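For reference, the structure discussed in these notes is given below.
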Amino acid sequence: MIAKVKFCGITNLDDAITACQLGVDALGFVFYSKSSRFISPNEANEIIQKLPPFISTVGLFVNQSKLEVEEAIKACPVNLLQFHGDEDEFFCNQYNLPYIKAISMKSGINLLKCIEDFRSAKALLLDSYSEDARGGTGKVFNWKSIPLNTSKPFIVAGGLNPNNVENLLELISPYGVDVSSGIESGKGIKDYQLMKNFILGVTNAAV
């Protein structure tokens, strides 16, 4: 199976359309105001309205209030929510939308327990741990720490780029991969060649 590909931190229409033309499966929009890749729900909605069909759209939140999440998804009706903070299952599962939960791959993390803690999640997104940022760090974690044949799909993030994604997919077979800084020329600005090469890396691993 070819891994699903999500490009996260989309901030403008040109990057979104280019990603779709290259064959991305999902686009992520960061609704967390402290992020350097922040986009307002209204701005994201303007982009989403111009996308071709069959592209999943994801709204990303980090330790935000229920009201903030509700207002964001009212202004921008994304297909999927992504919670990247310390949210519990009850918080994530109260918006009548499917969600994925990001897990920081700290030393000693028990992913089997995380699966139990977030039974309602569509998938768990495994990201590198950082004290300074929630995602987009460009740092890789130990992929060998990911258990195989679990009951919950995994999406791997954290330091992926065109030079290493094929290596990851040859080592394990996650449901999907998620990239942000690894395809950028600047924070929030995607690079055409890096995006293209990332997609090629994913497809080459499936051959």
In segment 114-207, the GluC sites (Glu not before Pro) that sit in a DSSP loop and have at most 13 other Cβ atoms within 10 Å of their own Cβ are GLU131
Anything in the chain that counts as a DSSP H helix reaching 18 Å or more along its axis (C-alpha) with Kyte-Doolittle mean of at least -0.5? List them, would you? 192-205
Let me have the relative contact order for the chain, percent, based on Cα pairs under 8 Å that are six or more residues apart. 21
Segment 2-104: relative contact order as a whole-number percent, Cα under 8 Å and 6+ apart: 22
What net charge do the residues around LYS4 carry, taking every other residue with its C-beta under 14 Å from that of LYS4, with Lys and Arg at +1 and Asp and Glu at -1? 0
Descending packing, highest mean Cβ count within 10 Å first, for 98-108, 64-74 is 98-108, 64-74
Carbon/sulfur fraction of accessible area - the chain, other protein chains in place, 1.4 Å, %: 48
Within segment 1-55, list the trypsin sites (Lys or Arg not before Pro) lying in a DSSP loop whose Cβ has at most 11 other Cβ atoms in a 10 Å radius. LYS34, LYS50
Local electrostatic count, LYS66, Cβ distance below 13 Å [Lys/Arg +1, Asp/Glu -1]: -4
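The values are calculated or read from the model by the stated rules, or taken from the named source; none is laboratory data. Computed from a predicted model, the values in this text were never measured in an experiment. No Cβ is skipped: glycine too gets one built from the backbone with ideal geometry, and neighbour counts run over all protein chains shown. Quick note on the areas: whole protein, heavy atoms, side chains included, nothing else; ligands and nucleic acids left out. Shrake-Rupley method; radii C 1.70, N 1.55, O 1.52, S 1.80 Å.
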